Every structure is written in structure tokens, then in C-alpha cells.
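Written below as C-alpha cells is the structure these notes are about.
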Amino acid sequence: MLKTRIIPTLLLKDIGLVKGIGFDSWRRVGTALPSVKVYNRRQVDELIVMDISATLSGRGPDLNEISNFSSECFVPLTVGGGVRSLQDAQNLLRAGADKVALNSACYENPELVTEIAQKFGTQCVVAGIDARKNSDGTYTCYSHSGTKSQNMDPAAWAKKMEEYGAGEILITSIERDGTMEGYDLDLIRLVSKAVSIPVIASGGAGSYEDIYQAIKTGGAQAASAASIFHFTQQTPLEAKEYLAKRGIPVTQMKKFQSSLAA
Amino acid sequence: MNVLVIDYGMGNLPSVKRAFEECGADVLISGDQGDISKASKLVLPGVGSYAQAMDNIKKSGWFDALQTAVREKSMPLLGICLGMQLLAEEGEEHGHSQGLGFISGNIKKIPSNENIRVPHVGWNEITAKKSDPLLTSIEDGTDFYFVHSYYFNAANENDVLARTPYGAAFPSIVRHGNVWGTQFHPEKSSLPGFQLIRNFLSISQNA
């Protein structure tokens, strides 16, 4: 049976690992490479690395940095931030990314998703969607790290991204991000129901129960989280144990003779 | 150098190289068929579309070089993900295209429904159908990392080493003679993946 994935996310902003709240109030919390190594040693299901200042600074992804990460990462690595062309995607995959996350560029040029999918396969294109809740309960997509409204409903946009060739949707609630108050389950459910490709829930995880709800109530196939793993004693491994006890299938790493370097 | 990772312009080559190195191999990534003679084993990685991959393989001269290396020199070859699918006779992604033809079968799209989302992304378990040196110390139920929309529809059940349930149970490891293929990514499957890579490295030329 396919297992539900728990995916730690690392946010990079100008060479540092950062944490923010509601896509704002960023503070630097260290360098990223040691985190990649730790997560790899702990055999997490997957890792996401987002360079949140790349698009805003008008630059592409930092390929050297990604190359350093991937050489220490023996689980799947998704990289996003500043991907604006087929060449950007190709460079990232060459640098060792397994999947490329697109976000801002899709609104201006959705065909980019198709181009990348046709050349490298749909499975390596993750469409990132950042959304805010409106006062009337509807949602609106935002690009450029939450700074630019796109006048688009996230469920409709997710469906479009699937049609253009995305292999997964990474849906993030901007308000919940970094708050540890729980995922926006309505948002996740809306998006999850709209598409037939896997959905990764993002933004707001503060407890194992939150992660469980993203899967059970939100209908997501994977849950990504940052603050909970970086700033609390909670770990991806315990999150999986929590899910397993409630009947959600998760990976159980077996013992092997081989070991992973510290 | 004992492992040649074939560069035909597609695939996560550095990841494959790093994982094989971590498992003790001496690895060269190369697009030059002349380098085959320096290697004792071949790895055919692959991420991307079938038609494009086969187009690249034919235009670059790898099609003939691989036929010679595998069929005449009996070199062990491991195909990974798309690289596994290329071992089949035919693919149907973006139209029909001829494969390398080392293992009988064709490549079909995973049928999707409400519970089966495609692509099949994530960790899923394998169940062995036969014993094989590639599966040494790997128990049934071990999870590996998959990411694919198509599967290997093997013509001979005898070529299927393991299956994985996603809707129907599709072949997740195939073998015919000196050619092995894994639908999952051992290089991205943490310790279980390393075990499989070490098993491949331990296989002798005449296994």
C-alpha cells in the first residue's frame, strides 16, 4: 500500500535557513546543510527546499547550494524558488533535485509546466499554490511569496495545473504558515477534491494531530511541515507512529546492515 | 572504475552516482560508449518521457552499444525507473516507441480512479516473487520510493522478481539474465535502497 508521506520543509532566504509567520517576520535559524544531513540520517520520507527570496530578488535557484544538499540527501528532494524557465528546471535536476516546484512563474506562463513535464515527465513537476482566505470564506491564490494577488481560486488553479501537466500539488495556507495552529483543512480539502494527482498539505502544522487531520479530513496524500520539526521536540518519526496508530499507512524503516554517515 | 552510469541526456545522474559511491562503488558518469570497456557494470538511470529517452539513446549510439554490452559481453545492467521501462520492447508514453528489448513486455499507463492517484508518488512495499541475489537481506514489505505514471507490463511472469500493490500489483523489480530493472529509485530509498545497490554491486558477472 502506498504510504502517507511526512515531508520536512526547509525555507531558504538569502543563504540562510529561516522561519517566518504568515509569509513574514522572517528570522534566520541557521545554515541549511546540517539540517539536510540530520533529516537524511533520520530517514525522513522526502525533503522540500524552498528558496523564498529567489523570485523576489529576480534571480534563479542557487545551483551550488542545491548540489551540496543533494549529495547529502538519499531521499527524494524537491526544490523550488525562482524557477522561471525550462533551463532553470533542467539545471536543478542536473544539480540533483528530484522534483522541481513551480509557483509564481505558472501564473504568467502556465505552458512552462507542460514544457517541463514533456521533457522530464509529469512526476518531476510540483505546482506550488499559496492561498489566503478571504473575509467571505473563499480563497485567493498569491504569487511572489504571498505578495501578489492572482485573482484565482486555488481549487480551480490546481485543476488547471494538473491539466497543464503538474504531477503533484503543494498547497500552502499563507495565514497558517509558521503559526503552528493547524492546517487550513477546508483549503486542503477543496484542492484535494479538485484534482486526481497527489496533494501535499502545507502551512500550519503544530502537532501530530494536525498532520493526521490534513490526511484524514483534508484528504492530502502527504503533509509537509517546517516549524514543528525545527522548533519543537516533535519528530517526523513520531508523527508517523501517531498516524500508524490511527490506521494511516506510513513507512516503517527496517534495519539494514548499511548505515548512513553522520 | 567498476560502475558506468549512462548519460544519455536524461535523469538524475548525480544522485545515482552519489548513492553508488556511498555503497562503495567507483563510479563514472559518461555519455561516451568507449567507456563501457572500463566498467564491469552498467546503470541506466532515467527521469522523463519514454519517447524522448529512446530518441536520445538511438541518436547518441547507446542503443547499439548497449545491445553489444548486454547480449554479447553479458555485462550486468541495472535500469532504474524510466531506465527500467526502457528495458522493455515497447513504450506508449507520448505515442508508441521501441524500447531496448532486453526484457519482454511493454509499458502501460497506471489506470487511475478515485483511490488511485497518478502519478504513483511515494513509498510503497515490495513482495518478492522469486529469490534473487538482488534481493539479499531485503524482506517482503520493505518500502522503496516510487515516482511514475507508467508501469512495466511483463510478458513473462518468470522475469518478475517483485511486485508492488497500487491498484493492481505491478512488477516493481524485473530481471532477465544479466539485466535487472527497478521501478523505484534505490538511490532515493535511503537504507533499503543502499542494500539493493550493494546487492547489485556484489553480483558477479556470471550470476
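Could you give the nm distance between label points at A:Gln90 and B:Lys109, where each point is 7 Å from its Cα heading toward the beta carbon?
Label at A:Gln90, label at B:Lys109, 2.7 nm between them.
Take every Cα-Cα distance within the protein assembly as shown, group them into 10 Å bins from 0 onward, and report for each bin the whole-number percent of pairs it holds.
4, 22, 33, 26, 12, 3, 0, 0
Any idea how far apart B:Asp35 and B:Ser131 come out in nm if each label point goes 7 Å out from Cα toward Cβ?
Result for the modelled spin labels: 3.7 nm.
Quick one: compute the contact order of chain B, relative version, from alpha carbon pairs under 8 angstrom and 6+ residues apart, as a percent.
Relative CO of chain B lands at 20 percent.
Taking N as the number of residues in segment B:119-167, what value does Rg over Cα atoms divided by 2.2 N^0.38 Å take?
1.17
Quick one: if the Förster radius is 56 Å, what FRET efficiency do B:Asp26 and A:Thr217 give, using the C-beta to C-beta distance and rounding to 0.05?
According to the calculation, E is roughly 0.65.
Among A:Thr147, A:Ser202, A:Thr179, which residue has its Cα positioned farthest towards the positive end of the charge dipole of segment A:131-262, with +1 placed on the Cβ of Lys and Arg, -1 on the Cβ of Asp and Glu, and the dipole taken about the Cα centre?
A:Ser202
In percent, what relative contact order does chain A have, based on Cα pairs under 8 Å that are 6 or more apart in sequence? Kindly include the intermediate steps, with their values, before the conclusion.
Working: 572 pairs, mean separation 48.6, N = 262.
Relative contact order here is 19 percent.
In debye to the nearest 20, how big a dipole does chain B give about its Cα centre with +1 on each Lys and Arg Cβ and -1 on each Asp and Glu Cβ? Don't skip to the answer; put the middle values down first.
Values: 17 positive and 22 negative charges, 20 e Å.
About 100 debye.
Which pairs, out of A:Lys99/B:Lys41; A:Lys3/A:Lys240; A:Lys13/B:Lys17; A:Lys160/B:Lys188, put more than 20 Å between their alpha-carbon atoms?
Those over the limit are A:Lys99/B:Lys41; A:Lys13/B:Lys17; A:Lys160/B:Lys188.
Provide the packing ranking of B:180-186, A:16-22, B:161-167, A:6-12, i.e. peptides ordered by the mean count of other C-beta atoms within 10 Å per residue, highest first.
B:180-186, A:6-12, B:161-167, A:16-22
State the percentage of accessible surface on the protein assembly as shown attributable to carbon and sulfur atoms; use a 1.4 Å probe and exclude ligands, DNA and RNA.
Here it works out to 46 percent.
Given the options A:Asn64, A:Ser224, A:Ser85, identify the residue whose Cα lies farthest towards the positive end of the charge dipole of segment A:5-245 (+1 on Cβ of Lys, Arg; -1 on Cβ of Asp, Glu).
Towards the positive end, the residue furthest out is A:Asn64.
May I ask you to derive the relative contact order of segment A:103-219, considering only C-alpha pairs under 8 Å and at least 6 residues apart, and to give it as an integer percent?
Across segment A:103-219, relative contact order equals 23 percent.
Using a ≥ b ≥ c from the Cα gyration tensor of segment B:1-85 (square roots of the eigenvalues), is it rounded, prolate or oblate, where a/c under 1.5 gives rounded and otherwise the larger of a/b and b/c decides, a/b for prolate?
Verdict is oblate for segment B:1-85.
About its Cα centre, what dipole magnitude does the protein assembly as shown give when the only charges are +1 on Lys and Arg Cβ and -1 on Asp and Glu Cβ, stated in debye to the nearest 20?
620
So, R0 is 25 Å and r is the distance between the beta-carbons of B:Glu157 and B:Ser202; what FRET efficiency does that work out to, to 0.05?
0.45
What are the equivalent ellipsoid semi-axes of chain B, built from the alpha-carbon gyration tensor (square roots of five times its eigenvalues), in whole angstrom, biggest first?
Numbers: eigenvalues 111, 80, 48 Å².
Working from the Cα gyration tensor, I get semi-axes of 24, 20, 16 Å.
List the lysines whose Cα lies under 18 Å from the Cα of A:Lys133, skipping any in the same chain that are fewer than 8 positions away.
Within the straight-line limit of under 18 Å, A:Lys133 reaches these lysines: A:Lys148, A:Lys193.
If we count every other residue with Cβ under 15 angstrom of B:Asn158's Cβ, Lys/Arg +1 and Asp/Glu -1, where does the sum land?
+1
I want the local charge near B:Lys38. Using Cβ-Cβ distances under 12 Å, sum +1 for each Lys or Arg and -1 for each Asp or Glu among the other residues.
In short, -2.
Find how many whole Å separate the alpha carbon centroid of segment B:83-145 from the alpha carbon centroid of segment B:147-207.
Segment B:147-207 and segment B:83-145 have Cα centres spaced 7 Å from each other.
How big is segment A:4-61 on each of its three principal axes, counting only the C-alpha atoms and giving the largest first in Å?
33, 24, 23
Counting each DSSP H run of 4 or more residues in chain B as -39500 (n - 2.57), what helix-only mean residue ellipticity at 222 nm follows after dividing by all residues, to the nearest 500 deg cm²/dmol?
Using -39500 (n - 2.57) per qualifying helix, the result is -6000 deg cm²/dmol.
The values are calculated or read from the model by the stated rules, or taken from the named source; none is laboratory data. These numbers come from a predicted model, not from an experiment. Here the Cβ is made from the backbone with ideal geometry for all residues, glycine too, and neighbour counts use every protein chain on show. All accessible areas refer to the heavy atoms of the entire protein, side chains included, with ligands and DNA or RNA removed. Shrake-Rupley method; radii C 1.70, N 1.55, O 1.52, S 1.80 Å.
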